[in-house]
Structure formats: C-alpha cells, structure tokens
C-alpha cells in the first residue's frame, strides 16, 4: 500500500499527480502545517528533514520530491498501460529528463522558499522585502531559462509528456501571486496548460481541496 504525507498545495502535488497518472491505489495522510505537524517527533522519525512530502511504499520510507517521482515511475510502471512518465533509461531523452528533473527540484523549487518564507533569511522584518524581491528575480530568471529549454509543442521534452510537465504545473501554481506568474512565458504556458488540463492533475487538486488559479488564462 502506498501512502503520501502531504499538506494542501505543497510539493506533494507532483508525486500525487504521478500516482494518479499511473492509476495507483494510495492513501493521503494530512499534515497540518498550522500546528507544525511536519516537525512532530512521529513525522521526524519518518523524515528527519521535517519537510513535505514523504512516501510510504510497503517497508520503504522515502522523502525528497525528485526521489519519490523517480521511485514511483521505476517501481510502478505497469499500473496503467501506456502511462510512461519518463523516457526509457539509457538514452539521450532519459538523460535530459534527469537533468531537468534535478534542476526543477534543486533550483526553482528551492528558490520559492525565499519568496514564501523570506523571514528565514532576512536579518529582521525590515529586510524581508529585499529577500522576497531577490527570490522573485531569481525565479523570473529561471522561468526565462526554462522557457528557452522547452522542446515540445505541449510538453517540456521533445519526446513527449512526462513527470516534468506535472512538476512544472505544480510550480506554476506556486507562482500564481508573483508579478509575473510562470504561465506568462509563452513556451512554458503551452506546457503548463496541457499538464493542468490533464484529468490526473485535476483529480490531484480536487483531492487536496485546491483549484487552479482563476486569474490564469489556463483555468481548468
């Protein structure tokens, strides 16, 4: 049995969307961030980083979004025929998939912390606007880089739809209140629109009690 520890709107969106795409049976286990449940001793015993998400797969406990995605894709490829979410290992397309997955999880996903939680890096309350502005600038620079890297018409990779597209849709939702949300870059907009419209992504948002941003021209 698969179980995913999550908080609504967190980085658990991408792993959950992958499980939905693969047609897997799974349980959602809610963490209340308002009470800092992710820092409680019982959760820290599973995930010492105190971050979200964490996946339970039988006797395996796994954290880090990228690791969870790769495990789900590799360990459960046949749950739904034709639902491959990564190129076959060993080739150029798979190498590019890994490159961009690692980039998404270590660059924009991390930089969003400066945007959402500037107090963690600010010298004081008066310094928080500077930290947030710096985070926004770095995110916008990375969105421009990603926009140039889009290789497919409605997918990030030229080889077709993959878990990267679901991850991009998650990050795009995080960007909804930024001065320039991710979907204002034209190539990214096509990819995000296609991913956000997929039934699996819609089910993920619904199960977390979320909606796609109404301000987005890609509203689903």
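The values are calculated or read from the model by the stated rules, or taken from the named source; none is laboratory data. Bear in mind the structure is a predicted one, so any value in this text is a computation, not a measurement. Here the Cβ is made from the backbone with ideal geometry for all residues, glycine too, and neighbour counts use every protein chain on show.
Got at least one residue in segment 123-132 being modelled with pLDDT under 95, part of a helix (DSSP H, G or I), out of contact with any helix residue (DSSP H, G or I) (no Cβ under 6 Å at 6 or more places or on another chain) and under 20 Å from residue 20 (Cα atoms)? Scanning segment 123-132, I find no residue that is modelled with pLDDT under 95, part of a helix (DSSP H, G or I), out of contact with any helix residue (DSSP H, G or I) (no Cβ under 6 Å at 6 or more places or on another chain) and under 20 Å from residue 20 (Cα atoms), so the answer is no.
Residues that are farther than 18 Å from residue 2 by Cα and out of contact with any helix residue (DSSP H, G or I) (no Cβ under 9 Å at 6 or more places or on another chain) are absent from segment 59-78 altogether. For residue 8, the requirement of being in contact (Cβ under 8 Å) with a residue 40 or more places away in the chain and part of a loop (DSSP other than H, G, I, E, B) is met. The criterion of at least 1 residues that are out of contact with any strand residue (DSSP E or B) (no Cβ under 8 Å at 6 or more places or on another chain) and within 19 Å of residue 112 (Cα to Cα) is met by the following helices (runs of 4 or more DSSP H) wholly inside segment 142-220: 163-174, 186-196.
Residue 131 passes every criterion in (1) over 22 Å from residue 173 (Cα atoms); (2) out of contact with any strand residue (DSSP E or B) (no Cβ under 9 Å at 6 or more places or on another chain) apart from (1). The number of residues in segment 151-168 being surrounded by 21 or more Cβ atoms within 10 Å (Cβ to Cβ) and either free of Cβ contacts under 8 Å to residues at least 60 places away in the same chain or more than 23 Å from residue 204 (Cβ to Cβ) (or both) comes to 2. Among the residues of segment 11-37, the one identified as in a helix (DSSP H, G or I), surrounded by fewer than 21 Cβ atoms within 10 Å (Cβ to Cβ) and in contact with a strand residue (DSSP E or B) (Cβ under 9 Å, 6 or more places away or on another chain) is 37. The residues in segment 117-141 that are surrounded by 15 or more Cβ atoms within 10 Å (Cβ to Cβ) and over 19 Å from residue 182 (Cα atoms) can be counted, and the count is 5.
Yes/no per residue for (1) more than 20 Å from residue 162 (Cα to Cα); (2) at pLDDT 95 or above:
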| residue | (1), (2) |
| --- | --- |
| 2 | yes, yes |
| 14 | no, yes |
| 23 | no, no |
| 34 | yes, no |
| 67 | no, yes |
| 75 | no, no |
| 106 | no, yes |
| 112 | yes, yes |
